[in-house]
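**Q** Have a look at this one.
The values are calculated or read from the model by the stated rules, or taken from the named source; none is laboratory data. Since this is a predicted model, take the numbers as computed values, not measurements. Cβ: placed from backbone, ideal geometry, glycine included. Neighbour counts: every protein chain shown. Accessible surface areas use protein heavy atoms only, side chains included; no ligands, DNA or RNA. Shrake-Rupley method; radii C 1.70, N 1.55, O 1.52, S 1.80 Å.
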Amino acid sequence: QGNCPGDQAILTVDVVPGPNPGISNTLDLCSNSGLVDLFPVLAGAEPGGSWSDPNGNFSSGFFDPFFDIPGTFTYTVFGIAPCSFASATVDVAVNNPPQSGSIAVTTVCSGDAPVDLFPLFNGFADPGGTWVDPGGAPFNGTLDPGTDVSGTYVYTVAGIPPCPDGASSVEVTINPSPEAGNAGGVTICAQGDPVDLFASLLGTPDAGGTWTDPNGLASAGVVNPVNAVPGIYTYNVPGN
């Protein structure tokens with residue numbers, strides 16, 4: 001009497017995988033790095049999504065640090081219903097490479113005052129760099145022609161990663177100052193032999209100079225007592 005059998009219903013459950021835009025990340029670039037694909041920066045991201053730039057406009061997902069505006073780029077993957085969408089971001093920063101200047105050339109005399117080499121870059125180098133001398137030793141950037149040597153002085157400006165360091169150089173030539181020696185004097189005998197005046201100069205005069213006699217005329221620098229003109233003979237050494 002009144003015995004009712006049981007009943008059942010079947011419910012099928014499907015689980016749809018949600019969208020995977022990858023893991024948000026940051027990217028530091030140098031302004032001369034060239035075109036960069038942002039997709040590999042998002043670890044584990046599935047393809048087929050869409051990109052938007054920092055202003056919310058469509059982006060190709062490729063970033064050119066020379067032209068594009070740095071900031072937050074968003075990658076969005078749309079899910080299969082009932083899943084919605086998911087997004088991840090790449091924060092892009094762009095650093096400028098250091099400016100170390102162009103190659104400069106200077107020639108100085110060994111008797112000149114110390115010279116600051118940095119202004120030779122004419123404003124095309126960033127301050128705060130470091131110098132090394134032609135031997136690779138640290139250098140303070142001020143050339144002392146009397147003690148330093150000719151050669152290549154290298155100036156290096158550290159780059160902000162991933163920009164590499166920048167380096168340039170100053171080619172320095174130090175010419176020796178002419179040395180005519182120090183004033184001297186000589187007394188000769190009217191019946192004596194000719195006298196070479198060079199030997200009477202004091203100090204360490206350079207050879208190869210020219211002489212003028214007391215009348216301002218060219219002289220060989222050898223005084224013959226027979227026809228000697230007494231007075232001041234001047235020895236001149238040309239400079240470089």
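**Q** Given 0.36 nm per residue, what is the gain on full extension from residue 107 to residue 226 after removing their alpha carbon distance, in nm?
**A** 38.2 nm
**Q** Then there is this: So what is the relative contact order of the chain, in percent, for Cα pairs below 8 Å that sit 6 or more residues apart? Each step should come with its number before you reach the end.
**A** Numbers: 495 pairs, mean separation 35.5, N = 240.
15 percent.
**Q** Only Lys, Arg, Asp and Glu count, each charged at its Cβ (+1, +1, -1, -1), so figure out the dipole size of the chain about its Cα centre, rounded to 20 debye.
**A** Values: 0 positive and 22 negative charges, 20 e Å.
The dipole of the chain has a size of about 100 debye.
**Q** Right, something else. Give me the net charge of residue 59's neighbourhood, meaning all other residues with Cβ under 13 Å from the Cβ of residue 59; Lys, Arg count +1, Asp, Glu -1. Walk me through the intermediate numbers first.
**A** Details: positive: none; negative: 37, 53, 64, 68.
My count for the surroundings of residue 59 gives -4.
**Q** What net charge do the residues around residue 205 carry, taking every other residue with its C-beta under 13 Å from that of residue 205, with Lys and Arg at +1 and Asp and Glu at -1? Don't jump to the answer; show the numbers that get you there.
**A** Values: positive: none; negative: 179, 196, 206.
Residues near residue 205 contribute -3 overall.
**Q** Could you work out the relative contact order of the range 23-99, using alpha carbon pairs under 8 angstrom and six or more residues apart, expressed as a whole percent? Before the final figure, lay out the partial values.
**A** Working: 148 pairs, mean separation 30.8, N = 77.
Over the range 23-99, the number comes to 40 percent.
**Q** Report ³J(HN,Hα) in whole Hz for each residue of the range 207-216, in order, from the Karplus equation J = 6.51 cos²θ - 1.76 cosθ + 1.60 where θ = phi - 60°; Gly and Pro get x.
**A** For the range 207-216, the Karplus curve yields 6, x, x, 10, 10, 10, 8, x, 8, x Hz.
**Q** Moving to a separate point now. Filter the chymotrypsin sites (Phe, Trp or Tyr not before Pro) in the range 103-152 to those in DSSP coil with at most 14 other Cβ atoms within 10 Å of their Cβ, and list the result. Don't jump to the answer; show the numbers that get you there.
**A** Details: sites: 121, 124, 131, 139; in loops: 124.
Of the chymotrypsin sites (Phe, Trp or Tyr not before Pro), the ones in loops of the range 103-152 whose Cβ has at most 14 other Cβ atoms within 10 Å are 124.
**Q** Another one. From largest accessible area down, sort 15, 149; use a 1.4 Å probe on the protein chains. Each step should come with its number before you reach the end.
**A** Numbers: 15 130, 149 85 Å².
From most exposed to least exposed: 15, 149.
**Q** Carbon and sulfur atoms: what percent of the 1.4 Å accessible area of the chain do they account for?
**A** Details: 8340 of 14940 Å².
Roughly 56 percent of what the probe reaches on the chain is carbon or sulfur.
**Q** What shape does the range 110-240 take by its C-alpha gyration tensor, where a ≥ b ≥ c are the square roots of the eigenvalues and a/c under 1.5 counts as rounded, a/b above b/c as prolate, and the rest as oblate? Before the final figure, lay out each step's value.
**A** On the way: a/c = 5.48, a/b = 4.34, b/c = 1.26.
Prolate is the answer for the range 110-240, as a/c is 1.5 or above and a/b outweighs b/c.
**Q** Right, something else. ³J(HN,Hα) across the range 134-141 via Karplus (A = 6.51, B = -1.76, C = 1.60, θ = phi - 60°), whole Hz, x for Gly/Pro?
**A** Each residue of the range 134-141 in turn: x, x, x, 7, x, 9, 8, x Hz.
**Q** Quick one: of the DSSP bridges fully inside the range 17-128, what percent are antiparallel, nearest 5? Provide the component values of the computation, followed by the final result.
**A** On the way: 17 of 23 bridges.
Counting DSSP beta bridges with both partners in the range 17-128, the antiparallel share is about 75 percent.
**Q** Under the classification rounded if a/c is under 1.5, otherwise prolate if a/b is larger than b/c and oblate if not, where does the chain fall, given a ≥ b ≥ c as square roots of the Cα gyration tensor eigenvalues? Numbers along the way, then the final one.
**A** Values: a/c = 9.21, a/b = 6.45, b/c = 1.43.
Prolate shape, in that a/c is at least 1.5 and a/b is the bigger ratio.
**Q** If you roll a 1.4 Å probe over the heavy atoms of the protein chains, what accessible area per residue do you get for the range 118-240, in Å²? Working shown, then result.
**A** On the way: 7360 Å² over 123 residues.
With all protein chains present, the range 118-240 gives 60 Å² per residue.
**Q** Taking amide H atoms as placed 1.01 Å from N in the peptide plane, list the residues 5 or more away in sequence, or in a different chain, whose amide H sits under 5 Å from that of residue 94.
**A** 29
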